[in-house]
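Below you'll find the structure, written out as structure tokens, and then a few comments.
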Amino acid sequence: MDLKLDGKSALVSGSTAGIGFAIAQLLAQEGASVIVNGRTQQRVTQAIDKIKQTTPNAQVSGVVADLGTKAGVEQVIQEVPHVDILVNNLGIYEPKPFFEITDEDWLNIFEVNVLSGIRLSRKYLQKMLDQNWGRIIFISSESAIQIPTEMIHYGTTKTAQLAIARGLAEISVGTGVTVNSVLPGPTRSEGVEVFINQLAKERGISIAEVEAEFFQNLRPTSIIKRFATSEEVAAMVVYLSSPLASATNGAALRVDGGVIRAIV
């Protein structure tokens with residue numbers, strides 16, 4: 001299927017690894033001009049090189065900035081004044097008991113997970129509206145619906161992203177701009193890979209056993225009973241980035257493996 005992304009420019013925040021990298025890679029494969037973002041030049045360069053290895057003709061560049069800060073966002077805006085597609089992927093998480101989550105923890109996770117997308121959208125949405133075409137996608141989580149007790153602050157930021165995306169979609173009424181959110185479930189990203197490998201080593205069991213225990217004890221409602229791949233999440237995001245998805249606006253689409261039981 002031709003997703004008709006040739007000639008479109010895309011910025012993916014936090015895209016040197018995991019879901020963000022998979023999104024950037026697939027956008028490049030579909031012909032978009034992609035801007036990879038990370039906090040260090042080394043990581044950005046490595047991501048660009050990896051994309052070019054699989055897609056030699058890829059139009060891919062990078063911008064080094066910490067988008068979890070106001071200064072980092074301002075830097076990116078100066079270097080990249082306009083994009084057709086904005087994927088607000090940047091996010092952090094930290095399992096922590098509620099009574100141990102400090103004010104500083106709350107403020108930091110909101111700065112990174114919520115304000116990064118707000119600041120970027122505030123800049124790029126207006127130009128999208130002016131040209132009557134654009135895509136903004138927030139990478140939320142199934143934790144936005146089923147708040148995890150082990151990291152309530154993370155779940156709260158993911159819920160906030162759903163509200164922001166829907167509100168921005170309302171601003172786009174009657175235009176060729178769409179704003180949506182995607183809710184991945186447990187995904188075998190870089191951080192999760194490290195976690196389950198360490199846990200398997202510490203406990204002297206296999207990675208498959210760790211995965212089985214996770215879905216039995218922590219995500220028992222999962223239907224697929226496995227971690228999704230970053231590429232499976234990216235496929236949904238890249239479709240939403242396409243002109244073919246023009247009738248999908250203000251939606252929250254799940255790639256959660258059936259973890260969320262609610263029908264709507």
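Taking segment 145-155 as the search range and keeping residues that are under 14 Å from P186 (Cβ atoms) and of a type outside the set (V, I, T), which one is surrounded by the most Cβ atoms within 10 Å (Cβ to Cβ)? Within segment 145-155, the match that is surrounded by the most Cβ atoms within 10 Å (Cβ to Cβ) is Y154. Does G134 qualify as being out of contact with any strand residue (DSSP E or B) (no Cβ under 6 Å at 6 or more places or on another chain), of a type in the set (G, A, S) and in the same structural domain as V177 (by TED's automatic domain parsing)? No. Considering only segment 69-94, state which residues are surrounded by fewer than 22 Cβ atoms within 10 Å (Cβ to Cβ), over 21 Å from Q41 (Cβ atoms) and in contact with a strand residue (DSSP E or B) (Cβ under 9 Å, 6 or more places away or on another chain). Result: H82, D84.
The criterion of at least 3 residues that are more than 14 Å from the chain's Cα centre (by Cα) and of a type in the set (K, R) is met, among helices (runs of 4 or more DSSP H) falling completely within segment 58-163, by 116-131. Only one entry of Q46, Q42 meets the criterion of being farther than 20 Å from A235 by Cβ and more than 20 Å from the chain's Cα centre (by Cα), and that entry is Q42. Against the criterion of being assigned to a helix (DSSP H, G or I), acidic (D, E) and under 18 Å from T16 (Cβ atoms), D49 qualifies. Elements of the type helices (runs of 4 or more DSSP H) sitting completely within segment 179-244 and holding at least 2 residues that are in contact (Cβ under 8 Å) with a residue 24 or more places away in the chain and surrounded by 21 or more Cβ atoms within 10 Å (Cβ to Cβ): these cover 230-240. Candidates D66, D2, D49: the one that is surrounded by fewer than 22 Cβ atoms within 10 Å (Cβ to Cβ) and either modelled with pLDDT under 95 or not assigned by TED's automatic domain parsing to the domain that holds V238 (or both) is D2.
Could you look through segment 12-23, keep only residues that are among the hydrophobic types (A, V, I, L, M, F, W, C) and farther than 11 Å from S241 by Cβ, and pick out the one that is surrounded by the most Cβ atoms within 10 Å (Cβ to Cβ)?
For segment 12-23, the residue satisfying everything is I19.
Considering only segment 46-56, I want to know if a residue exists there that is out of contact with any Phe, Trp or Tyr (no Cβ under 8 Å at 6 or more places or on another chain), of a type outside the set (D, E), farther than 18 Å from L125 by Cβ and in contact (Cβ under 8 Å) with a residue 60 or more places away in the chain. The answer is no, given that none of the residues of segment 46-56 is out of contact with any Phe, Trp or Tyr (no Cβ under 8 Å at 6 or more places or on another chain), of a type outside the set (D, E), farther than 18 Å from L125 by Cβ and in contact (Cβ under 8 Å) with a residue 60 or more places away in the chain. Restricting the first member to segment 149-165 and to residues that are within 20 Å of F99 (Cβ to Cβ), and the second to residues that are among the acidic types (D, E), the beta-carbon pairs closer than 9 Å and six or more apart or on different chains are M151/E94; H153/E94; H153/D105; Y154/E94.
The values are calculated or read from the model by the stated rules, or taken from the named source; none is laboratory data. No experiment lies behind these values; they were computed from the predicted model shown. Cβ: placed from backbone, ideal geometry, glycine included. Neighbour counts: every protein chain shown.
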